[in-house]
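Below is one structure, written out as structure tokens; the observations come after it.
The values are calculated or read from the model by the stated rules, or taken from the named source; none is laboratory data. These numbers were taken from a predicted model, which means no experiment stands behind them. When we count neighbours, we look across all protein chains shown, and the Cβ atoms used for this are built from the backbone with ideal geometry, even at glycine. Please note that ligands, DNA and RNA were not included when accessible areas were found on the heavy atoms of the full protein model with its side chains. Shrake-Rupley method; radii C 1.70, N 1.55, O 1.52, S 1.80 Å.
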There are 2 protein chains.
Amino acid sequence: MQRKKAPKEALRWDDVRLFLALCRARTVGEAGRTLGVDSSTVSRRLNALEEALATTLFDRNHEGLSATKAAEDLRPVAEETEEAMLRFARAADGLEREVSGLVRIACPPDVANVVVTPLLRELFTRHPALRVEIAPGEAVIDLTRREADLALRTVRPAQGDLVVTRLTSVRWVLVAAVELAQGLGTLRAWDDAPWVSWGARLSMVGAAKWLEAHAKVEPVLRSDSLMVQIAAASAGVGVTLVPEPSAAHYGLVPVRLAPSLRAAAASWPTDELFLVTQRALRGVPRVAAVWDLLRERAAGRTAR
Amino acid sequence: MQRKKAPKEALRWDDVRLFLALCRARTVGEAGRTLGVDSSTVSRRLNALEEALATTLFDRNHEGLSATKAAEDLRPVAEETEEAMLRFARAADGLEREVSGLVRIACPPDVANVVVTPLLRELFTRHPALRVEIAPGEAVIDLTRREADLALRTVRPAQGDLVVTRLTSVRWVLVAAVELAQGLGTLRAWDDAPWVSWGARLSMVGAAKWLEAHAKVEPVLRSDSLMVQIAAASAGVGVTLVPEPSAAHYGLVPVRLAPSLRAAAASWPTDELFLVTQRALRGVPRVAAVWDLLRERAAGRTAR
DNA sequence: GTGTAGCGTTGCACTAATGCAACGTAAGAA
DNA sequence: TTCTTACGTTGCATTAGTGCAACGCTACAC
């Protein structure tokens, strides 16, 4: 007597699909074909289902299948289930294809140029109906006012019903145009070089604070725009602190430092780059498409 | 660029169950607990589902899950699906527990005694609420008139909306009571022994036809009841042809035959035993219980 | 700071599910 | 009869799915 001890097996939802296919097919093989599996699999799963329900659903003989009364009683309920399942699939498909329309991205200008712009080609290849608007600016755009769908920020936002993910962290480096860096050689004192730095309005920026704290130099140029600083540095106006990826992107090279300066350089700021959107927008396909691509392509391990 | 080539993956119905559990849980682990699987499994299957739907359903961070707009749109449809699935499970459960009531079995008397009766103890152990009525008789009971739920027959019924399965095949053997068999020794001619055989009414029975064709003997006793024949043989009245299992059951032993008789003996009839019921009754649990036990216990390989 | 706890994810060994091919049975054709 | 065909089932090698344990990340307590 080798009876089963555990009829505790939960009903697997896929078994209802199997059951329906069997109701509609005249043979096990035919049911398997509609399900895309082998007839042996159908046979075994039917046996398991019957054991789980402690009922015989179909009689099998050399002519194929014949439904028992139990199966015929169950069939209408199973078909309701299938209709609901089809509605679900249709709803899911409906969501899926809406990757079109305009996505507005707010981000710092350098991030726009260095991070976002290089990804646009791939984004449009993936989703031809997608359109993008980049709103660059140092100021913090208020997402809750719907000025943008997506924001890239260097500070983690706290308030609001927002979804936040950290993309990467970037170190800042002291760079200059190639000729100036060569002309300077190894920097022995901070004021041995002309500096380009931040204006009064954004003096709370990490780089500005570092300059204030560690290298009390008087910049030859101040600007609240990082892009202006980069342009000035590129023109050989002076040295400046910029995020490493931006330096590489614009052909600025690191300035060599004498050992005496390296301790202070160790506390150069580190930016973290956060991707932010409103919770309600997170699942909207056109937004999700950009979100996912940024996570996939722009995310990096923490630089320690 | 290792993108997926095949988003052709069909939606598995169980994934909707997973999706619902995730909607209701605040964490992956909680969803896994309600589903009875590990959190790692939930994590992987969610990733697969999102890839299949090409949609992000949940954002995951250190606090757990948060549903995206897509997930919230899908949730009501998924819950309808679940309700239908629960109705199915309830219907299946309802069927399952009805193994009780009376099952009427029509069969030849020897089959009743030899095959059915020995199984009753196990049947009642399995299904204590079950009751059985055995209607023994040589005549063919008409199942379509609902005189019986189940029939055991030696001829395959052709007409009607019946379900038929062959249980086993049995050879007939020439037997006698122990003392008579010893007294006879090896039989050299058919009429060296007194015969017990069928009456006129059932002369079409295989054994009667054989006797007519091969051994033109005049029986000392005729009866249309196999049970009477067996009783007579047991009392030492004569030799008779009976199905092999019945002979063993009633302590009758084979009569030894001289080589000259063996050729004719080779064409002793072979009965097949068929289990029959109406299609509509096949799935009724109390009937299915008996059907299944008979198939399981009484079915044998073909005796060739 | 530094540790701790909770979350989702990943590596790996293992189990269950699957496909393929061979089998046993039954009905009809030659 | 024998052969053929179609059916469901079973054995076995392979694959996909799973659980456990370790990991990385984040927040919070200290």
Legend entry - Residues being under 24 Å from A:HIS127 (Cα atoms), in a strand (DSSP E or B) and more than 7 Å from chain A (Cβ to nearest Cβ) - total across segment B:57-69: 2
Inset, instruction - For segment B:39-71, name all the residues that are within 15 Å of DNA strand D (Cβ to nearest atom) and under 22 Å from A:ARG166 (Cβ atoms). - result: B:SER43, B:LEU46, B:ASN47, B:GLU50, B:ASP59, B:ARG60, B:ASN61, B:HIS62, B:GLU63, B:GLY64, B:LEU65, B:SER66
Inset, instruction - Run down B:ALA54, B:ALA31, B:ALA78, B:ALA21 and say which single residue is farther than 20 Å from A:GLN278 by Cβ, away from chain A (no Cβ under 14 Å) and in contact (Cβ under 8 Å) with a residue 12 or more places away in the chain. - result: B:ALA31
Legend entry - Qualifying residues in segment A:22-38 (those that are of a type in the set (A, V, I, L, M) and open to solvent by less than 40 Å² (accessible area, probe 1.4 Å)) - the one nearest to A:ASP73 (Cα to Cα): A:LEU22
Inset, instruction - Select, from B:PRO108, B:PRO76, the only residue that is of a type outside the set (Asp, Glu) and open to solvent by 30 Å² or more (accessible area, probe 1.4 Å). - result: B:PRO76
Inset, instruction - Could you grab me the full set of residues in segment B:202-222 that are touching an Asp or Glu at 6+ places or on another chain (Cβ under 7 Å) and either closer than 17 Å to B:GLY238 by Cα or hydroxyl-bearing (Ser, Thr, Tyr) (or both)? - result: B:VAL217
